[in-house]
Amino acid sequence: MEKTFAPILTPASPAKKAVARAALVDLKDSARTLLAECFRQFGIETVVMSANAVERMRKEKFEACVLNLGNGAETVMEAARTSPSNSRCVIYGLGGNAQEAMRYSKYGINAMFHAPLERPAALKLVRATHMLVLHEFRRYVRVPLMTEVSIVCSDKRRLSATSLEMSSGGMSLKSAEDLTSGTNVEISFSLLTLPRVWVRGVVTWRKPKSFGVRFDAADDRRQRVKEWIDSYLES
């Protein structure tokens, strides 16, 4: 009796999940090593770049980018923000303070590593932002973004601050100005593709050099911020 044998089929291996990548642009060896270790703890692969950073940021997909805020930084950030693949990548600045970062505010720096790099502080920043890098948006409802914010208080005082994090309901800001909880304010700012927007709010908490503003639910202008946040997280 002739026997027939069914062909042996090799089970298809599951598709490998894409790895989130962070570009390390023109960093010293010590900084590369430290940051690579920090990102690796959260499943993020690092890619070292130097002279070819602009071209690679235009052509390849990266979820994050770390670069010194010095000569050449603006060109790399512009390449990232104008690239369809990297327009929403998380940009980390290194080596500058908030005032220096404001020179690049139109490119939307998300967070700053302060120099000299120290492992505890670097790891804390990566831990705080890695969900955004990994696109785990359902668990990350706040967007870290540094931009210049103008503030008009109810007593007509005009102040300047730097945004730290933003959500559809409010934002946290960095400033040495004395603002107490309960102060009514009107703030204005621009965000990458969002033209300058004005929205009313109230100071809800205050810490040394930082405070939080909750947007006024009755101010329809905050809808533009919500739409921008939703677009940022979904892109």
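Set side by side, the residues Val203, Val152 differ, and just one is at pLDDT 95 or above and in contact with a Lys or Arg (Cβ under 6 Å, 6 or more places away or on another chain), which is Val152. Of all residues in region 115-142, those that are closer than 18 Å to Leu164 by Cα, at pLDDT 85 or above and surrounded by 15 or more Cβ atoms within 10 Å (Cβ to Cβ) total 9. For region 163-174, the criterion of being hydroxyl-bearing (Ser, Thr, Tyr), more than 30 Å from Glu45 (Cβ to Cβ) and out of contact with any Leu (no Cβ under 8 Å at 6 or more places or on another chain) is met by at least one residue.
Residues checked against (1) under 16 Å from Ala111 (Cα atoms); (2) in contact (Cβ under 8 Å) with a residue 24 or more places away in the chain; (3) among the aromatic types (Phe, Trp, Tyr); (4) crowded, with 20+ Cβ neighbours inside 10 Å:
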{"residue": "Ala23", "(1), (2), (3), (4)": "yes, yes, no, yes"}
{"residue": "Phe42", "(1), (2), (3), (4)": "no, yes, yes, no"}
{"residue": "Lys61", "(1), (2), (3), (4)": "no, yes, no, no"}
{"residue": "Val66", "(1), (2), (3), (4)": "yes, yes, no, yes"}
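Contact map, region 98-125: first residue in a loop (DSSP other than H, G, I, E, B), second residue surrounded by 19 or more Cβ atoms within 10 Å (Cβ to Cβ) and of a type in the set (Phe, Trp, Tyr), Cβ cut-off under 7 Å, separation 6 or more or different chains; pairs are Asn110/Tyr92.
Restrict the check to region 82-101 and report whether at least one residue is within 15 Å of the chain's Cα centre (by Cα), modelled with pLDDT under 90, within 26 Å of Gly201 (Cβ to Cβ) and among the β-branched types (Val, Ile, Thr). No, every residue in region 82-101 fails to be within 15 Å of the chain's Cα centre (by Cα), modelled with pLDDT under 90, within 26 Å of Gly201 (Cβ to Cβ) and among the β-branched types (Val, Ile, Thr). The set of residues in region 199-227 being in contact with a strand residue (DSSP E or B) (Cβ under 9 Å, 6 or more places away or on another chain) and of a type in the set (S, T, N, Q) consists of Thr204, Ser210. Within region 158-200, being farther than 19 Å from Ser105 by Cβ, of a type in the set (Val, Ile, Thr) and surrounded by fewer than 16 Cβ atoms within 10 Å (Cβ to Cβ) holds for one residue alone: Thr180.
The values are calculated or read from the model by the stated rules, or taken from the named source; none is laboratory data. No experiment lies behind these values; they were computed from the predicted model shown. Positions of Cβ are generated from backbone atoms using ideal geometry, with glycine treated the same way; all protein chains shown enter the neighbour counts.
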